[in-house]
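Asker: I'd like to ask you about the structure that follows.
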Amino acid sequence: MSSVFPVASGAAVRQRIGGIVRAESRALTLIVALFALAAVAGLVPPWVVGRLIDRLISGADAAEVSLLGALMIASVAAQALAVLVATRLTMVLGERVFAELREDFIADVLYLPVGAIEEGGTGELVNRTTQDVAAVSSTVRFALPQILIASVTIALTVVAGFVVSPLIAPVFLLAAPILVVLVRWLLARATPVYLAEGAAYGPIFGAASETVAGARTVDALSLADARDAQTDEAIAGFWRATVPVIHLQLVFLPWSNVAFAIPVAAALVWGGWLATQGIVTVGAVVSVTLFATQLVTPLETLMRWLDELQHGFAAFARVLGVSELREEPAEAAAAPTSATLRLDDVRFGYRADREVLHGVSLETVPGERLAVVGSSGAGKSTIARLLAGIDAPTSGRVTVGDVDVTALALEARRHEVLLVSQESHVFAASVADNLRLGRETATDAELLDALVQVGADAWVQSLENGIETTIGAGGAVLSGAQEQQLALARIVVADPHTLILDEATSLLDPTAARAVESALAAALRGRTVIAIAHRLHTAYDADRVAVVEGGLIVELGSHDELLQAGGRYAALWHSWRDDGAADDARDPHGKNADA
C-alpha cells in the first residue's frame with residue numbers, strides 16, 4: 001500500500017456517504033417508496049395461491065376463482081411497473097452521484113502537490129483513477145440499489161408471513177443466527193483484505209506504464225528480462241493479495257446459501273405438522289412456504305452485494321484519501337511585495353536520511369537572467385523545484401517578495417513563478433487549446449505570436465488545420481522537440497514574472513536551442529529567467545552564473561568573473577569547450593569564448 005497516498009478513515013467515508021444521502025433525500029425517499037410498493041405487489045401472488053387453495057377446499061365458485069386470478073395478474077403488472085420506474089430513477093440517481101464523485105476526484109488530483117505525485121508513483125495514482133473509481137461506480141450504480149431493493153423486500157416479506165400465519169412465520173428467523181455470524185465475520189475481515197487487493201493493482205499499472213513509456217530505453221539496453229521480472233513480481237503480489245479475497249467468498253457464499261434453505265424446509269415441516277393438527281390451513285402453509293422461497297432471492301442478492309459493498313467502501317476510502325493531500329489555497333498568505341526570489345539557508349532531502357541541499361542561500365535580481373550550472377546530481381533541479389514551490393524545504397525559507405512560495409495559492413504561485421522542465425506533455429486537444437492552458441483568455445493572435453517567438457510557427461502552420469489541428473492521442477504526432485517548443489510557447493502565453501527553465505530545450509539541437517533561448521530572452525525581457533542547464537552557452541549569455549556542487553552554491557558571479565577566478569566554473573567551461581560543444585570556442589554571436 002502506498003505510503004504517500006493516504007486512505008480515508010471509516011468515519012470520513014461514512015460522513016461523505018451521509019452527505020450524499022442528505023443531498024439526495026427526496027429522490028431516495030421516492031425510490032424507497034416505489035420499491036416498497038413493488039415488494040408489496042410481489043407478495044400478493046403467494047397470498048392469492050394460499051387463499052385460492054383454501055377457498056377451493058371450501059367450495060369456491062368460478063367467479064371467486066376468476067377474481068383471485070385477476071388480482072394476481074394486476075399485482076404482477078403493478079410490481080413490474082413500480083420496479084421499472086424505481087430502477088430508472090435509481091440508475092439516474094446513481095449516474096448523477098457518480099458524476100459528482102468523479103468530478104470531485106479529478107479536481108482533487110489536479111490540485112495534488114507535484115512532489116507527492118512523483119513520490120507516490122504513477123502506477124498508484126492510475127490505480128486509484130481507474131480501478132478504484134470503477135469499483136465506486138459499480139457500488140453507486142448497482143450495489144447500493146440492489147441492497148436497497150433486497151432489504152425492503154426482505155422486511156415486507158417477513159411482515160407478510162407473520163400476518164398470514166404468526167405460528168409458521170417464526171421459521172424465517174432460523175436463518176438469522178447463521179447470517180449474523182457470517183456478516184460479522186465478513187465485516188471484521190473484508191476492509192483490510194479489499195484495501196490490500198486495491199493497492200496491489202498499483203505496481204502492475206506502474207510496471208506496465210513505465211515499460212511502455214520507456215520502450216526504446218528497454219530495447220536499447222536489453223532490459224526486457226528485467227522488466228518482465230518486475231512485471232511478474234507485480235502480478236505475483238496481486239495474486240498474493242487476491243487469495244484472501246477468494247477465501248472470504250469461499251467461506252461466506254456457501255454458508256449463506258445453507259442459511260437461505262433452512263426457512264423453506266422448516267416452513268414445510270413445521271407448517272405441515274400444524275396443518276395436520278388442524279391449527280392452520282393448508283393455504284397458510286403454502287403461502288408462508290412461498291414467502292420463504294421468495295426470501296431466498298433477496299437474501300442471496302443482499303449477501304452477494306454486501307460483499308461487493310465492502311469492496312466498494314474500500315475503494316471509496318482510497319479515492320477519498322487523495323483529497324487529504326490536496327493543496328488547498330493558503331488564505332492567510334499576503335501578496336508578494338516584489339518579484340525577488342530568495343533562498344535563505346535552505347536544506348532539503350527527498351528522504352529523511354539523505355540531504356540533497358546543505359544550507360543554500362541565493363537572491364535573484366528582478367529582470368536578470370541567472371544560469372545555474374553544475375554536474376549531474378549536484379542539486380540544480382532540486383533548487384528549481386524549491387523555487388517553484390513544488391517541494392518545501394526541510395529547513396530555511398524560500399520566498400518571493402518576502403512571502404513563502406509554498407504558502408501562496410497554487411494559481412497565484414504559478415503567476416509568480418513558473419517551472420518548465422525537460423519533460424513536456426501534449427494533451428489530446430488542438431494546438432490552440434494546449435497553448436491556452438497558460439492563459440484561457442489568450443486570443444488567436446497572441447497564440448500565433450507566442451509560436452513565432454519560440455520558432456514553432458512554421459511547422460504549426462503546416463499542419464492540416466493550423467492551430468486548430470488536434471494533436472496528442474488520436475491526432476497529429478509531434479516530435480519531442482516540437483512538444484518542447486509548444487511548452488515554451490505556453491509559457492510565453494502565461495506571462496509569469498519569473499521563469500525557471502530546467503533543461504527545457506534539451507530535446508532541441510544546440511543551434512535550435514540557442515535560437516529558442518534567445519527568442520525567449522527577448523520575449524521575456526524585463527522578467528527574471530533562471531536557466532538550469534548543462535549547455536554552457538546558456539551561462540555565457542546570463543547576467544550571473546551560480547555553480548552548484550555537492551548541494552551547495554560554490555561560486556556566484558558573471559561568466560567573465562568566474563573565468564578569471566579560475567575555479568570550478570572555469571574548469572567546467574574549458575572542459576565543455578575542449579569537447580567541441582562550444583562551436584570551435586566561439587559563442588553564438590561569433591565572439592571568442594575567452595574574450
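Asker: Among residues belonging to the range 195-211 that are at pLDDT 80 or above and not charged (D, E, K, R), point out the one that is surrounded by the fewest Cβ atoms within 10 Å (Cβ to Cβ).
Answerer: The extreme case among them is Ala208.
Asker: Another one. Pick from the range 137-159 the residues that are in contact with a Pro (Cβ under 8 Å, 6 or more places away or on another chain) and crowded, with 20+ Cβ neighbours inside 10 Å: which of them is nearest to Asp54 (Cα to Cα)?
Answerer: Selected residue: Thr157.
Asker: Quick one: how many residues across the range 261-289 are closer than 29 Å to Leu68 by Cβ, in a helix (DSSP H, G or I) and either of a type outside the set (Ser, Thr, Tyr) or not assigned by TED's automatic domain parsing to the domain that holds Pro177 (or both)?
Answerer: 19
Asker: For Arg55, are the conditions met, namely being over 49 Å from the mean Cα position of the chain (by Cα), in a helix (DSSP H, G or I), basic (Lys, Arg) and surrounded by fewer than 18 Cβ atoms within 10 Å (Cβ to Cβ)?
Answerer: For Arg55, the condition - over 49 Å from the mean Cα position of the chain (by Cα), in a helix (DSSP H, G or I), basic (Lys, Arg) and surrounded by fewer than 18 Cβ atoms within 10 Å (Cβ to Cβ) - is met.
Asker: If you don't mind, there's one more thing I want to ask. Please work out which residue is surrounded by the most Cβ atoms within 10 Å (Cβ to Cβ), limiting yourself to the range 213-238 and to residues that are among the acidic types (Asp, Glu) and more than 28 Å from Ala473 (Cα to Cα).
Answerer: Glu233
Asker: Tell me which residues, restricted to the range 423-469, are within 27 Å of the chain's Cα centre (by Cα), of a type outside the set (A, V, I, L, M) and either under 28 Å from Ala213 (Cβ atoms) or surrounded by 16 or more Cβ atoms within 10 Å (Cβ to Cβ) (or both).
Answerer: If the condition is that a residue be within 27 Å of the chain's Cα centre (by Cα), of a type outside the set (A, V, I, L, M) and either under 28 Å from Ala213 (Cβ atoms) or surrounded by 16 or more Cβ atoms within 10 Å (Cβ to Cβ) (or both), then Glu423, Ser424, His425, Phe427, Ser430, Asp433, Asn434, Arg436, Gly438, Arg439 are the ones that fit.
Asker: From the list Ala284, Ala261, pick out the single residue that is of a type in the set (Gly, Ala, Ser), exposed (fewer than 15 other Cβ atoms within 10 Å of the Cβ) and out of contact with any strand residue (DSSP E or B) (no Cβ under 7 Å at 6 or more places or on another chain).
Answerer: Only one candidate qualifies: Ala261.
The rows are residues; the columns are (1) modelled with pLDDT under 85; (2) more than 27 Å from Leu110 (Cβ to Cβ).
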residue	(1), (2)
Gly272	no, yes
Thr293	yes, yes
Leu306	yes, yes
Gln310	yes, yes
Ala333	yes, no
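Asker: Let me ask something else about it. Residues in the range 405-419: is at least one over 30 Å from Leu437 (Cβ atoms), touching a strand residue (DSSP E or B) at 6+ places or on another chain (Cβ under 6 Å) and assigned by TED's automatic domain parsing to the domain that holds Gly551?
Answerer: no
Asker: I would also like to ask the following. What are the residues in the range 13-52 that are small (Gly, Ala, Ser) and either assigned to a loop (DSSP other than H, G, I, E, B) or surrounded by fewer than 17 Cβ atoms within 10 Å (Cβ to Cβ) (or both), if any?
Answerer: Correct list: Gly18, Gly19, Ala23, Ser25, Ala27, Ala33.
Asker: If Asp584 satisfies all but one of (1) surrounded by 14 or more Cβ atoms within 10 Å (Cβ to Cβ); (2) of a type in the set (D, E, K, R); (3) at pLDDT below 80; (4) not in a helix (DSSP H, G or I), what's the number of the condition it fails?
Answerer: For Asp584, the exception is condition (1).
Asker: Anything in the range 373-396 that is among the hydrophobic types (A, V, I, L, M, F, W, C) and not in a loop (DSSP other than H, G, I, E, B)? List them, or say none.
Answerer: Correct list: Val373, Ile383, Ala384, Leu386, Leu387.
Asker: Right, another one. Restricting attention to the range 379-391, does a residue exist that is within 25 Å of the chain's Cα centre (by Cα), acidic (Asp, Glu) and crowded, with 16+ Cβ neighbours inside 10 Å?
Answerer: Checking the range 379-391: at least one residue is within 25 Å of the chain's Cα centre (by Cα), acidic (Asp, Glu) and crowded, with 16+ Cβ neighbours inside 10 Å.
A quick yes/no check of all residues on (1) aliphatic (A, V, I, L, M); (2) over 30 Å from Val44 (Cβ atoms):
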{"site": "Ile106", "(1), (2)": "yes, yes"}
{"site": "Ala134", "(1), (2)": "yes, yes"}
{"site": "Arg141", "(1), (2)": "no, no"}
{"site": "Ser165", "(1), (2)": "no, no"}
{"site": "Arg189", "(1), (2)": "no, yes"}
{"site": "Ala196", "(1), (2)": "yes, yes"}
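The values are calculated or read from the model by the stated rules, or taken from the named source; none is laboratory data. Keep in mind that this is a model prediction, so the values were computed, not measured. Because the Cβ atoms are built from the backbone with ideal geometry, glycine has one as well, and the counts that use them run over all protein chains shown.
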